[in-house]
Amino acid sequence: MDLALLRTFVTVHRAGSFTRAAALLGLSQPAVTSQIRTLERQLGRPLFLRQARGVTPTTIGDELAHKAAPHLDALVEIAETGLEEDSSVRTLHLAGPPEFIAERALPALTALTGQDGHSHALRASFGTAEETLEGLAAGHHDLAITTARPRGPLLTATPLCDEEHVLVAGERWAARVEAARLRHRAALPFENLPVVEVHESLPFVSRYWAAVFDARPTASGAVIVPDLRAVLACATAGAGLAVLPRYLCAPALERGDIVALLDPPVPPLRTYFLAVRTGTLAMPHIARAHEWLLRAAVDWA
């Protein structure tokens, strides 16, 4: 049996789509379809059920994937190990939200360089959770840090860490919030205050309002900028209130540049996931970075 056909089959099985598999393999969609049909003719059995969105493996398809995938992954590991021995530097492609990548992931991975006797080159890309996972699935990245857990067999995700969200503002706006309302955790004192956010939909403020006040915010964004570090800078300058990860705003809180407006009994949390394409942890440079980030995350509470 042709190994190239098996490789295409396993990729389709994991991707759940001929189109996504074609992107991963660097082939055209018709070429992938043709290879799967050839393999089905050789086996005399259908391997996938075609649907409007993607494909679903048949029973024989699942059985073949279960048998073939580990061996194909082992061959990839052998090939990658050989490449690593021939090259002094391996490049790791990382993607995720700009603030988290800049403040946490890159410093941790930079510390890895040279620690284990291997040389590493880093390339970082920024994007939304959806963009990051699409890029990972298409083979543009090796590791992705995302707040959305990927679905399906193509990608594998491990919880990395949780971040606490804090409602903050500069002293000017903090002084306008009524202390009595704060004690009752009512949203009313905040409704007429300007908001600094990363998007017009107010994702951080909306999530906070839902978790703490069981309500939707009525305010609109005074400043919209797609980087939480810029949101912090604007809130510090007095542009309005903001919801920020505690790790990002903790130094400003300690200095008194901004004030935490509320201390709810159960603060809103958001989970980060460390995602890879299924099977790629067999590649040593990806496995080392994956393990190093998980170790570093222990201290990111």
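The values are calculated or read from the model by the stated rules, or taken from the named source; none is laboratory data. The structure displayed is predicted, hence computed values, not measured ones. Quick reminder, even Gly has a Cβ in these numbers, built from the backbone with ideal geometry, and neighbours come from all protein chains shown.
For ALA219, the test of being modelled with pLDDT under 90, outside the structural domain of ARG123 (by TED's automatic domain parsing) and surrounded by fewer than 19 Cβ atoms within 10 Å (Cβ to Cβ) is passed. Sub-7 Å Cβ pairs linking a first residue in the stretch 40-69 that is assigned by TED's automatic domain parsing to the domain that holds HIS13 to a second residue that is among the charged types (D, E, K, R), at least 6 apart or interchain, are PRO46/GLU40; LEU47/GLU40; ILE60/ARG45, ordered by first then second residue. Candidates are the residues of the stretch 224-273 that are more than 28 Å from THR158 (Cβ to Cβ) and of a type in the set (D, E, K, R); the one that is surrounded by the most Cβ atoms within 10 Å (Cβ to Cβ) is ASP257. Residues that are over 21 Å from PRO98 (Cα atoms) and in a loop (DSSP other than H, G, I, E, B) within the stretch 189-226 comprise GLU191, ASN192, LEU193, PRO194, PHE213, ASP214, ALA215, ARG216, PRO217, THR218, ALA219, SER220, listed in sequence order. Of the numbered criteria (1) at pLDDT below 90; (2) under 16 Å from ASP2 (Cβ atoms); (3) out of contact with any helix residue (DSSP H, G or I) (no Cβ under 6 Å at 6 or more places or on another chain), the one GLY44 fails is (1). Taking the criterion of being over 30 Å from ALA174 (Cα atoms), modelled with pLDDT of 90 or more and not small (Gly, Ala, Ser), the residues of the stretch 251-285 that qualify are PHE273, LEU274, VAL276.
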